[in-house]
Amino acid sequence: MTETSKKRFEKLIDGLKSSDREVKLMSIAALGILRIKKHSEALCDLLSSTDLEILAAVIKSLGQIGNPDSAKYLIDFVSNPNEKISNEALNSLKKIDLSSVEDVIIKSCSADQPVQLRKKIVEVLSDYNDVRVSSLMNEILGQTRDPELLSETISYYIKYPSPERHTSLKMLAGNGNWSVSLTANLALSRLKDESAFSQIKRLAKSSNSDVRQIIVNSLNYHPIIEDRDIYQILFNDNRASIRMASLEGLCLFAADERIKIIKNWLSLEKDKNIRIQLVKKAASEKTPLLFDELFKLLQSTDEELQKASINALGEIGEKIVDRILLDYERMPLLLREQLLLVLGRIGSPKASYLVKEALFAKERWLRINAIEATVNIQAPELIDALLNIVKDSNTDIWVMATAVSAVGRINNPKGIELLIPHLKNKDARVRANTIEALSTYKWEGLAEACFSMLKDRNDRVRVNAAIALWKSGHSEVFAELEKMSRDRSRWVRASAVFALGQIDDPEGIPILIRMLHDNEDMVYRNTLEALSWHGDLRALIPLLNEANRGRLKPEFYEMILDRFAQTIKE
């Protein structure tokens, strides 16, 4: 850690003592995002605050940091009369690995404590398969009659079945409270109790969707081979969240059964998110038996589903190449375009033959996708064909833009001499892609070409030239990017910010921080993204300020701050 970084940490610590409430709140949030364990000590000193907003912020940050030493303080706030404080403390405890402080948590769950507090503590401890925790659960089973506490406690034995509890659970299975009875039967079913299995199977068809949701969530804690009939019912549930959760049960079936289920399910499923997960499951099977269903999904108008299907078909491999070749010429153009990407992932000699033909097809997107396939396959005859495309001045301009970019990715020795003429191509996309491609080679003329292109009329060309210059050791680019960041065109400003995000240099951070005040959302978003990838401490408080301003949706800022924290960690 550099001295500069240490000083910035010290500034945040000092902010905890500030008389300015906003500075204090920002410092608390920043320390939580940084997730450095030793900072929890300074935060714990603020747990005596009477300001509920500050108190909630401290508790949240302690959970983010995850220091087990702070658990003994957090446990006291679980019973706080203020619901926000209580929930924040509970959530924070769940984020901390409590293995080293289990005794402290267990002690706070004694019989003289309020039922609601004990329920929350049981919830916190439910993930710990430990003899001390099990002993506490057994103790509570014999002590309480409260339905909520009983249900929470019994749930522990769904995750961690205990034959010693069979008799107790059998008695509770007949409890008058439906939640207690259901949970007890679920726990008994983990012990392979036939009566409990029959009861759960019957309830899996219940008209109450909440009951069915509880069942599938509980089975997923500890699925066993005997659950297959129940999962078969849940696979066809009319509630999407239940079907999604039941995907976890596919692992219980033999390969041939699993393939049959996925095949049938894919043909019937309407929910996009479930379909994508099913396609991912299909990809892991790597079997041609699922070809027809995946092939149909290639024709989907949903881009995400289409990409998932291309990947799944690619995973099947050479076993489907003959099947594709058989009908390829008779297929609609859009389908052939997608299949070229599939063949690129497979990369067999037969696939290479078809890709080579497509490189010189009349249709633009056939050629573009064939170029993408060429980069993946890297067969010598395909590389030669690609280089010929770049050499041909009559090549379609969209195809040329893709081809010069591809030459940068294959790093072929012949690439430099073929790319250089395109630095003066009349099309800006080709020029931009060409300078980017040349930056991947050791070319002596790169710096001179880049300085020349910094004067190009197109902003993307200038940006790519600036990035290439920086990669080759020239920091002069920041003056040009700073100038572009003040341009009247939002597209130019957005391009400048993008470049500053790509250039991993602290010199660009002040420019990016200033760009947080840009009125154009496109520029603003690019700036937030760029700062998150850098993870520079100077940007943390400005990013938190922006999150508080709430110009965009909260989820976007959450994603940005999470990425920032990950960058800091790495």
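What follows draws every value from the coordinates through simple rules; no lab data is involved. Keep in mind that this is a model prediction, so the values were computed, not measured. So basically every Cβ, Gly included, is an ideal-geometry build from the backbone, and we count neighbours across all protein chains shown.
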Q. Which distance in Å, rounded to a whole number, links the C-alpha centroids of region 386-400 and region 495-548?
A. 37
Q.
Taking 23 Å as the cut-off for C-alpha to C-alpha distance, list the pairs among Lys37/Lys72; Lys11/Lys94; Lys11/Lys38; Lys483/Lys569; Lys11/Lys84; Lys307/Lys442 that go past it.
A. Lys11/Lys94; Lys483/Lys569; Lys11/Lys84; Lys307/Lys442
Q: Just add up the charged neighbours of Tyr73: K/R +1, D/E -1, any other residue whose Cβ is under 12 Å from the Cβ of Tyr73.
A: -3
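Just order 323-336, 25-38 by mean Cβ neighbour count inside 10 Å, highest at the front, would you? Don't skip to the answer; put the middle values down first.
Details: 323-336: 13.2, 25-38: 20.4.
Highest mean packing first, the order is 25-38, 323-336.
Which value in deg cm²/dmol, rounded to the nearest 500, describes the helix-derived mean residue ellipticity at 222 nm for the chain, given -39,500 (n - 2.57) per DSSP H run of n ≥ 4 and division by the residue count?
Details: 36 runs with 391 residues, N = 570.
Helices in the chain give a 222 nm mean residue ellipticity of -20500 deg cm²/dmol.
Charges at C-beta only: +1 for Lys and Arg, -1 for Asp and Glu. How large is the resulting dipole of the chain about its Cα centre, in Debye rounded to 20?
Values: 80 positive and 80 negative charges, 157 e Å.
Around 760 debye, computed over the chain.
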Q. Tell me, Phe556, Phe291 in order of fewest to most beta-carbon neighbours within 10 Å?
A. Phe556, Phe291
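Just in region 57-134: which GluC sites (Glu not before Pro) are loop by DSSP and have at most 12 other Cβ atoms within 10 Å?
Numbers: sites: Glu83, Glu88, Glu102, Glu123; in loops: none.
Answer in residue order: no site qualifies.
Would you work out the relative contact order for the chain, in percent, from Cα pairs under 8 angstrom that are 6 or more residues apart? It would help to have the intermediate numbers written out before the result.
Details: 727 pairs, mean separation 35.9, N = 570.
Relative contact order comes out at 6 percent.
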(Q) How charged is the neighbourhood of Ser241? Take every other residue with its Cβ under 10 Å from the Cβ of Ser241, and add Lys/Arg as +1 and Asp/Glu as -1. (A) +1
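Calculate the dipole size of region 444-570 relative to its Cα centre from +1 charges on Lys and Arg beta carbons and -1 charges on Asp and Glu beta carbons; express the result in debye to the nearest 20. Walk me through the numbers before you get to the answer.
Numbers: 18 positive and 21 negative charges, 93 e Å.
Here the size comes out at about 440 debye.
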